[in-house]
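What follows is one structure encoded as structure tokens, with my remarks underneath.
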Amino acid sequence: MLSIPLGNIPGYHAGRLGHAAVAVRIGEATISWGELDARSTRRAHSLLARGVSQGDMVTLALDNSVAFFEWTFAVWKLGAVPHMVSWRIPDGELGAMLELARPVAVIATDYERLAHLGALPPQWGLTEGSDDPLPEAVSPYWKAMSSGGSTGRPKIIVDHRPGVHVIGSTYLQVSEGEVVLNPGPLYHNAPFSMAHNALFKGNPLITMARFDAEETLRLIDRWGVASVNFVPTMMLRIWRLNDEVKARYDVSSLRNVWHMAAPMPAWLKKSWIGWLGAEKINEAYAGTEAVGATTINGVEWLAHEGSVGRPRNCELRVRDEAGADVPVGTVGEIWLKPTVVNKGYHYLGATQPTGQRGFESLGDYGWLDADGYLYLADRRTDLIISGGSNIFPAEVESAIMEHPAVDVAVVIGLPNDDLGASVHAIVRLRSNCKTTLNSADLLEFLRGRLVTYKLPRSIEFTDDPMRDDAGKVRRSQLREQRIDSSNEERNAAARSAAKEKS
């Protein structure tokens, strides 16, 4: 089959679909295939003049914008590697990322704040560059994604697949020509991959500057969106719109609704299946490392409630700490091994995991049923062991978020002298909810949903967002902040007591 270097994609589709055909739409801004080709060429020349060459990294700290796509294709035109970080990334964390990536250039939305790290503005390169055609080049690695990791230490996951697209290849069942909507932040792996693979196929892409529940429905209605990828937090916020609001929009064009990247509460999935139909709801479990994946559609899910599916292009094992396969229904560590040609990956800033006969683990726990369907428990690093019992935060969070007043819930384990660790829930209430909720009321609500030892021993209400736009949360960071705060309170109390004695 025909393979095209990723940098040639805009020109290829401009010739196939017409230079004026819209490639990307975001808010009121649009860019055609011809414009995307021309503008990414100019930006590529500007990078070339700064010394960027094949295989070099270029760090992109950009918000969702037309410029994001101009820059990714500019990087690919030189055979370089785009390295994505959050555009809101703190200075210190970006500095640590740059030490790992050693990029030749950094392009940032918030370039003034990051200027001391060498950041250039997103508009840079359009006047500095040239329109001259560039020699064909292929990136050795098509992307490098950043991760805070479960420990909060930064790392970069470099995907070893080269920067080429095979004409006729498929991605998440997206059909040629259909409209694709991306509501997530492009610096995260799933939104980045979904959006760019749509463009590789020549699909018209709508990207949201930031997620908004009602605006999502409006865009689906206005543009006849067929495929979209959500995280469960987005689906929760859409579902909690008033019924009258949801009824204003025609979403019948949807045929392919994916969700991934975070645990999906069973009650919420059932609600979406009842709304759109089981055949339209799809789920994937995978990692940025791309060592394997499981998928499941809504029809299968109804027969295997709570599952994330069966292996796709990989073997899957659930094993105990000794490396032995565990029986059906027993929780263990999930191991994956590709059954297709896999180019692999490598980490910058972390040690490559040690595999077992070609299997690798992403650090997740789960179990298999008798039909080979996988169910997730939680990440190994997030597991709370309280009084000798294993408690998985995702299960407790799912129960808390069933309460109609709750917007977001994150559960962590805090040190406890008696139990080893105690369950602590951090809860943010919906801003437009008129219902008041206190700890006692929430615990009463949870008693009918959780066994006693899984109930939170402490509940904290906050206005902080906790999860980012892609539904990700850094539990280790939240835990450390609360431990530090508790230690400071104890130290202050001790100082006060000592002062009174003296």
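The values are calculated or read from the model by the stated rules, or taken from the named source; none is laboratory data. All values derive from a computational prediction rather than experimental measurement. Neighbour counts run over all protein chains shown; Cβ positions are idealised from the backbone, glycine included.
Looking for whichever is modelled with pLDDT of 95 or more and outside the structural domain of PRO82 (by TED's automatic domain parsing) here; the options are GLU178, GLU136. Which one fits? Full working, then the answer.
Values: GLU136 fails: outside the structural domain of PRO82 (by TED's automatic domain parsing).
Exactly one of GLU178, GLU136 is modelled with pLDDT of 95 or more and outside the structural domain of PRO82 (by TED's automatic domain parsing), namely GLU178.
Looking at this structure, is PHE211 more than 24 Å from GLY15 (Cα to Cα), of a type outside the set (D, E, K, R) and assigned to a loop (DSSP other than H, G, I, E, B)? So that I can check it myself, show each step before the final result.
On the way: more than 24 Å from GLY15 (Cα to Cα): yes; of a type outside the set (D, E, K, R): yes; assigned to a loop (DSSP other than H, G, I, E, B): yes.
It is true that PHE211 is more than 24 Å from GLY15 (Cα to Cα), of a type outside the set (D, E, K, R) and assigned to a loop (DSSP other than H, G, I, E, B).
Need the failing condition index for MET194 against (1) assigned to a loop (DSSP other than H, G, I, E, B); (2) crowded, with 19+ Cβ neighbours inside 10 Å; (3) within 19 Å of the chain's Cα centre (by Cα), just the number.
MET194 satisfies all of (1) assigned to a loop (DSSP other than H, G, I, E, B); (2) crowded, with 19+ Cβ neighbours inside 10 Å; (3) within 19 Å of the chain's Cα centre (by Cα) except (1).
So which residues in segment 392-430 are over 17 Å from TRP267 (Cβ atoms) and over 24 Å from the mean Cα position of the chain (by Cα)?
LEU414, PRO415, ASN416, ASP417, ASP418, LEU419, GLY420, ALA421, SER422, VAL423, HIS424
Given the criteria β-branched (Val, Ile, Thr), surrounded by fewer than 18 Cβ atoms within 10 Å (Cβ to Cβ) and within 23 Å of GLY51 (Cβ to Cβ), does VAL104 qualify?
Details: β-branched (Val, Ile, Thr): yes; surrounded by fewer than 18 Cβ atoms within 10 Å (Cβ to Cβ): yes; within 23 Å of GLY51 (Cβ to Cβ): yes.
Yes, satisfied.
Are any of the residues in segment 406-423 in contact with a Cys (Cβ under 9 Å, 6 or more places away or on another chain) and not in a helix (DSSP H, G or I)? Give the steps one after another, and end with the answer.
Initially, segment 406-423 is screened for residues in contact with a Cys (Cβ under 9 Å, 6 or more places away or on another chain), giving 406-407.
From the residues that got through so far, the ones that are not in a helix (DSSP H, G or I) too are 406-407.
Within segment 406-423, one or more residues are in contact with a Cys (Cβ under 9 Å, 6 or more places away or on another chain) and not in a helix (DSSP H, G or I).
Under 6 Å by Cβ, and 6 or more places apart or on different chains, what pairs join a residue from segment 264-281 that is among the polar types (S, T, N, Q) with one that is surrounded by fewer than 16 Cβ atoms within 10 Å (Cβ to Cβ)?
SER271/TRP239
Can you give me the number of residues within segment 9-34 that are part of a strand (DSSP E or B), free of Cβ contacts under 8 Å to residues at least 40 places away in the same chain and among the small types (Gly, Ala, Ser)? Can you show your working first?
Start the filter on segment 9-34 by keeping residues that are part of a strand (DSSP E or B), which leaves 22-26, 29-32.
Imposing the further condition that a residue be free of Cβ contacts under 8 Å to residues at least 40 places away in the same chain reduces the set to 29-32.
Checking the rest, the ones that are also among the small types (Gly, Ala, Ser) come to 29, 32.
So the count comes out to 2.
Please pick out the residue among ASP63, ASP37 that is assigned by TED's automatic domain parsing to the domain that holds PRO122, under 25 Å from VAL104 (Cα atoms), of a type in the set (Asp, Glu) and in a loop (DSSP other than H, G, I, E, B).
Values: ASP37 fails: in a loop (DSSP other than H, G, I, E, B).
Testing whether each residue is assigned by TED's automatic domain parsing to the domain that holds PRO122, under 25 Å from VAL104 (Cα atoms), of a type in the set (Asp, Glu) and in a loop (DSSP other than H, G, I, E, B) leaves just ASP63.
Those residues that are outside any loop (DSSP other than H, G, I, E, B) and either among the acidic types (Asp, Glu) or surrounded by fewer than 16 Cβ atoms within 10 Å (Cβ to Cβ) (or both), I need them from segment 444-481; list them, please. Spell out how you get there, then give the answer.
Pass one, segment 444-481, residues outside any loop (DSSP other than H, G, I, E, B): 444-446, 452-454, 458-461, 475-481.
GLU444, THR452, TYR453, SER458, GLU460, PHE461, GLN477, GLU480, GLN481, listed by residue number.
Within segment 427-441, does at least one residue satisfy the condition of being touching a Pro at 6+ places or on another chain (Cβ under 6 Å), buried (at least 21 other Cβ atoms within 10 Å of the Cβ) and under 26 Å from VAL308 (Cβ atoms)? Spell out how you get there, then give the answer.
Taking segment 427-441 and keeping what is touching a Pro at 6+ places or on another chain (Cβ under 6 Å), we get none.
Checking segment 427-441: not a single residue is touching a Pro at 6+ places or on another chain (Cβ under 6 Å), buried (at least 21 other Cβ atoms within 10 Å of the Cβ) and under 26 Å from VAL308 (Cβ atoms).
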